[in-house]
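Q: My questions all concern the structure below.
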Amino acid sequence: MTRLKSSLVLIIVAVVALVIGGCSSPDDADAAPVKINLPDGRTVDIPDTPTRIVTLGGQWTDVALSFGVTPVGYYDAQEVQTGKKAPWFGDKLNDSVLVNPNDDVVGSVAKLEPDLILAPGFASMAEGFDKLEAMAPTIDKISGQQVDPWQDMVTLMGTILHQPEKAKEIIGGVDAKIKALADEFPGLKGKTYSFAYLYGSDQISVLGDESDGSAKLFSQLGLKMSPTAIRESTKTGQPRFQISTENVNLLDSDLLVAASQTPKLQERVEGLPGYKNLTSVKTGAVAMLSTLEITGLNEPSPNSIPYAFDHMKPALQAASDAK
């Protein structure tokens, strides 16, 4: 439980206490109402086990699919932008409706007749969010973090669906895969990493917050965030700080995990003298991921994590072997 923020601990404790307290038989347990107290002060009541779930966020979509639940509708930013489904979804969403935020979101969701709406970040819709709440129980963010911890989302979904053991199984399965990777590459322990996104004409976004969900994934492999990244993040006060391409030397570390907005920008950065002198470049420990793949780490979920790590294997191997 140490990974849970206090606010979410209160959520889960309140939910579990209510469910347990209201159970008199297995059948009753399946239909027991769930009350969720969210960090923003709102309370969401879910009277019955939902069967028509709308997931307005890739993490929640993957969490639902992990439980064998196919959302009746979903929103995925990457799919809207690229026209391609995240590869870790497979063909499981073929019968689901993609909700386009550029259209009438409220109207699109209403047509799906949901009995639960998972809409992280949509509270900013103001009146629109109120309309979503009016049609079905609606959950916004479940933590005070920029990206909700995937383990907490799985745990909460397990409570909502009355499948707490399944939730533990899902979390344990992902942790086991990460541990297997750490065991495969023991040389990663104590090595440093940089995590970046190349975007715009001259900008690189770099992760410098060790409490970020992505950072926690890397730490499970035994890796440590680059001290330079931590220092720059502290200096700027930004969890993900910006640097110009001329300061690409700030990405120096044993492992570099990055993605580029365009192939042209990637070529430009890779041609810089500062980039060629990076330790990770010299040892071949660079995982240059696609935008889709890096999203699987920026917004981690049960199936995106092993998918992204699998594509990083050559770089992990090089970093592990480097002396």
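Q: Taking loop as defined by DSSP and a crowding limit of 12 other beta carbons within 10 Å, which trypsin sites (Lys or Arg not before Pro) in the stretch 124-232 fit?
A: LYS189
Q: With each label point set 7 Å from Cα along the Cα-Cβ vector, what nm distance links ASP130 and GLU169?
A: That separation, rounded to one decimal, is 4.3 nm.
Q: Can you give the Kirkwood hydrodynamic radius for the stretch 226-265, in Å, rounded to one decimal and based on Cα pairs?
A: For the stretch 226-265, inverting the mean 1/r across all distinct Cα pairs yields 11.4 Å.
Q: Could I get the Rg over Rh figure for the chain? Both from C-alpha atoms, Rh via Kirkwood, rounded to two places.
A: 0.99
Q: With labels modelled as points extended 7 Å from the Cα through the Cβ direction, what inter-label distance (nm, one decimal) is found for LYS235 paired with GLN266?
A: That separation, rounded to one decimal, is 2.9 nm.
Q: Follow-up question, since we're still on this one. Under 19 Å from the 7 Å Cα→Cβ point of TYR199, by amide nitrogen: which residues of the stretch 284-308?
A: 288-301
Q: For the stretch 173-321, take the alpha-carbon Rg, divide it by the Kirkwood Rh, and send me Rg/Rh.
A: Here the Rg-to-Rh quotient is 0.94.
Q: Please work out how much length the chain gains when fully extended from THR43 to VAL80, using 0.36 nm per residue of separation minus the C-alpha to C-alpha distance, in nm with one decimal.
A: Stretched out fully, the THR43 to VAL80 stretch lengthens by 10.2 nm.
Q: In the Gaussian network model of the chain, springs joining C-alpha atoms below 10 Å, which of ASP212, ASP62, ASP104 carries the largest mean-square fluctuation?
A: So, out of ASP212, ASP62, ASP104, the one fluctuating most is ASP104.
Q: Please list 3J(HN,Hα) in residue order for the stretch 112-120, calculated via the Karplus relation 6.51 cos²θ - 1.76 cosθ + 1.60 where θ = phi - 60°; whole Hz, with x for glycine and proline.
A: Working through the residues one at a time gives 7, 6, x, 10, 7, 10, 10, 9, x Hz.
Q: Need one number: nm distance between label points at LYS35 and LEU98, each 7 Å from Cα along Cα→Cβ, rounded to one decimal.
A: 4.1 nm
Q: A further question follows. How large is the convex hull of the Cα atoms of the stretch 164-206 per residue, expressed in Å³ as a whole number?
A: 126 Å³
Coordinate-derived values only; no laboratory data. Computed from a prediction, not measured in an experiment: that's the story for all the values here. Backbone-built Cβ (ideal geometry, glycine too); neighbour counts: all protein chains shown.
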